[in-house]
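Any read-out appearing in this document is the output of simple, stated calculations on the displayed coordinates, not a laboratory observation. Treat the numbers as computed from the prediction; the structure is a model and nothing was measured. Counting neighbours? That spans all protein chains shown, and the Cβs are built from the backbone with ideal geometry, glycine included.
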There are 2 protein chains.
Amino acid sequence: MNLKQLSALLGLSQTTISRALNGYPEVNEETRQRVLKAAQETGYRPNRAARRLATGKAGSLGLVMPMSEGQSADIHFAEFQSGLADECLRHEFHFVIMPAHPHEEEQAIRELVNSGSVDAYYLAYMRARDPRLKMAKSLALPFIVHGRSLGVAEDYPYLDVDNEGAFRQAARYLIDLGHTRFALINGMADLDFAARRRMGLEQALAGRGLSLRGDFVSSTLMTDANGYRHMAQLLQHPEPPTAVLCASTVLALGAVRAIREAGLQLGTDISLIAHDDDLMLLKPEHFSTPLTTTSSSLREAGRRVAERLISAVTDPEADLPRRELWTADLTVRASTGPAPD
Amino acid sequence: MNLKQLSALLGLSQTTISRALNGYPEVNEETRQRVLKAAQETGYRPNRAARRLATGKAGSLGLVMPMSEGQSADIHFAEFQSGLADECLRHEFHFVIMPAHPHEEEQAIRELVNSGSVDAYYLAYMRARDPRLKMAKSLALPFIVHGRSLGVAEDYPYLDVDNEGAFRQAARYLIDLGHTRFALINGMADLDFAARRRMGLEQALAGRGLSLRGDFVSSTLMTDANGYRHMAQLLQHPEPPTAVLCASTVLALGAVRAIREAGLQLGTDISLIAHDDDLMLLKPEHFSTPLTTTSSSLREAGRRVAERLISAVTDPEADLPRRELWTADLTVRASTGPAPD
């Protein structure tokens with residue numbers, strides 16, 4: 001049974017049937033009941049096209065995929081996308097991906113919005129005082145920010161992890177174990193989450209009269225190769241750090257390899273805490289020395305962002321929180337221990 | 001300088017300017033030269049919207065993202081997508097992703113094509129006698145298959161890796177090392193690539209008078225956890241295999257963990273060859289015992305699929321090969337060695 005057949009059966013237009021099934025108030029209750037009953041009896045399930053016809057919506061979310069020269073798949077992006085796709089599937093939405101160079105993101109969003117092919121979109125990979133926020137507020141479509149933007153006081157809808165709190169807590173844990181020489185292998189310095197993680201670490205150190213050496217901080221694309229390279233460099237210092245925070249388990253993968261090659265024992269000679277986005281492939285408990293982590297699921301974040309966007313499209317009156325800040329949990333495993341003598 | 005301003009400057013319509021810049025034959029040569037000169041002098045670069053106006057194309061590729069209950073990010077899908085995105089970016093294309101349950105893929109493709117939001121699309125995760133091929137040939141848009149479909153005469157455009165040849169070669173290499181008890185940790189049995197890899201292994205064994213035990217074959221979602229589980233099961237057999245082929249380095253990640261936990265030495269007690277899709281995170285040379293692999297880049301495949309689709313959209317007369325079969329290279333590392341006595 002398709003919409004056309006159901007329409008012939010009931011003597012109602014396809015639009016009326018779709019509106020009835022989608023709960024639009026233009027259809028009177030008696031008609032709605034008739035349609036619901038017939039749909040149930042015939043096993044009719046409206047498809048996307050029929051729903052679009054009824055609602056005037058594309059049934060689609062938009063996003064810009066940031067591209068860097070020579071970069072391979074970003075597993076963080078993929079993990080977020082898998083949650084987004086899950087939630088889209090539940091609501092029969094699809095999504096449009098516009099790949100763009102970092103300096104062309106604003107243009108890409110404008111084109112996405114103007115194309116009419118999406119009903120809502122999200123912004124990610126935020127930077128300090130990000131100009132996309134002002135732009136997004138001037139455009140007509142609902143949006144949500146994954147992350148936040150330091151230096152922007154205005155109100156905007158977002159979902160973020162408490163990156164500052166997570167790294168503050170991780171650092172304090174290590175300070176309590178006697179560590180004083182800290183290093184940070186961070187994401188790109190211009191990204192908001194990386195800036196906040198650094199702030200969290202610096203706050204914890206300052207609170208105990210310690211400070212972070214500038215040359216013990218690296219800001220980099222979060223790849224295995226970069227984790228290796230930066231850790232190897234740190235270990236060449238005459239007085240290397242005894243405590244390292246990594247902004248991703250992907251960076252930690254390389255960092256741990258460098259530590260092993262240097263003949264050092266993780267958790268004894270050097271302690272490491274990584275932020276764990278709950279990536280399927282890199283479970284911290286499966287590392288040869290299980291990793292102490294701060295963790296928050298990127299997949300769940302993708303799911304929640306899609307849920308909020310779809311709700312903004314299908315039920316604009318819904319009373320959703322505009323600002324959500326998720327806490328990252330500290331889980332202690334074998335990669336951390338007392339500072340060596 | 002935008003299109004509107006350039007239009008006012010030259011006294012030409014926006015459509016004429018776009019057509020001139022895109023090389024459409026409707027615009028006479030004198031006008032084209034005038035437009036090109038003005039565009040160069042003013043630094044005007046046409047955006048996607050202007051190009052769409054001129055060409056009547058959406059500038060978009062479509063794909064269906066297969067979803068399985070409870071599944072996390074599929075790193076294989078992500079790696080392919082990163083190549084696709086790279087190539088889309090070069091041509092200012094974007095792409096539309098329709099998540100779908102496996103049994104609803106046909107419907108999803110139909111909706112994608114009918115939506116008018118894509119100019120071309122690709123089919124992936126092919127099965128034997130895949131009904132999507134017949135459907136795709138009946139629809140109006142250009143398409144390409146990533147993979148092939150056993151049981152369907154190959155008169156459709158595709159890009160595939162020689163999966164059969166790769167696993168035949170890998171198995172022969174191990175047979176030459178004296179191995180006779182083989183196991184296969186494969187992708188889902190209904191997928192074409194998995195069926196062909198099994199065929200390659202069975203051919204190599206049959207060629208030397210050997211055979212593959214049915215209970216030494218597992219067909220599974222290619223995750224780390226499944227690799228671990230199936231390898232652990234194999235090792236409980238009273239006469240376990242001495243040679244294992246894994247359909248992905250992701251499966252190998254778990255399999256290697258099970259081998260290590262069983263107190264066995266990879267490359268001595270047991271040999272393992274994995275298919276390597278050139279995943280950024282799982283470099284076979286970075287495994288604690290570097291992995292012998294058959295390899296072919298999924299990212300390059302994504303790039304090439306996008307290149308062929310975009311060419312089919314922008315230059316339908318282009319003479320591209322319809323069928324491409326890529327060879328996977330066997331690279332010997334430390335995870336393989338002579339069969340134990």
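Brief remarks follow.
- Sorted from shortest to longest, the distances between the A:Ala189 label points of this copy and the other copies are 5.7 nm, with each point 7 Å from Cα along the line through the beta carbon.
- Taking all C-alpha pairs of the stretch A:51-184, those more than 19 Å from each other amount to 60 percent.
- Shape box of chain B [Cα atoms, principal axes, largest first, Å]: 85, 39, 37
- Other-copy label distances relative to A:Thr331, 7 angstrom Cα-Cβ extension, nm: 3.2
- Modelled this way, with points 7 Å down the Cα-to-C-beta line, the labels at A:Glu29 and A:Asp329 are 4.6 nm from one another.
- Residue of chain A whose Cβ sits closest to the axis mapping A onto B, with distance in whole Å: A:Ala78, 2
- Overall dimensions of the stretch A:163-296 by Cα: Rg and Dmax, Å: 13.2, 38
- For the stretch B:240-341: rounded, prolate or oblate by the Cα gyration tensor [a/c cutoff 1.5]: prolate
- Label positions at A:Asp269 and A:Ala153, each projected 7 Å from the Cα along the C-beta direction, are separated by 5.1 nm.
- The Cα atoms of the protein assembly as shown define a convex hull whose projected area, averaged across directions, is 36.1 nm².
- Centroid-to-centroid separation of the stretch B:180-245 and the stretch B:247-306 [C-alpha atoms, Å]: 15
- Förster radius 25 Å - calculated FRET efficiency between B:Ala339 and B:Ala128 (Cβ-Cβ, nearest 0.05): 0.15
- Between B:Asn114 and B:Thr42, the FRET efficiency estimated from the beta carbon spacing at R0 = 56 angstrom works out to 0.90.
- Distant-in-sequence amide H partners of A:Arg127 (H built 1.01 Å from N, under 5 Å): A:Asp192
- Close amide H contacts of B:Val217 (hydrogens built in the peptide plane, cut-off under 5 Å, sequence separation of 5 or more or a different chain): B:Leu184.
- Sorted from nearest, the other copies put their B:Ser138 label points 4.9 nm away, the label point being 7 Å from Cα in the direction of Cβ.
- P(r) tail for the stretch A:188-230: Cα pairs beyond 12 Å make up 65% of the total.
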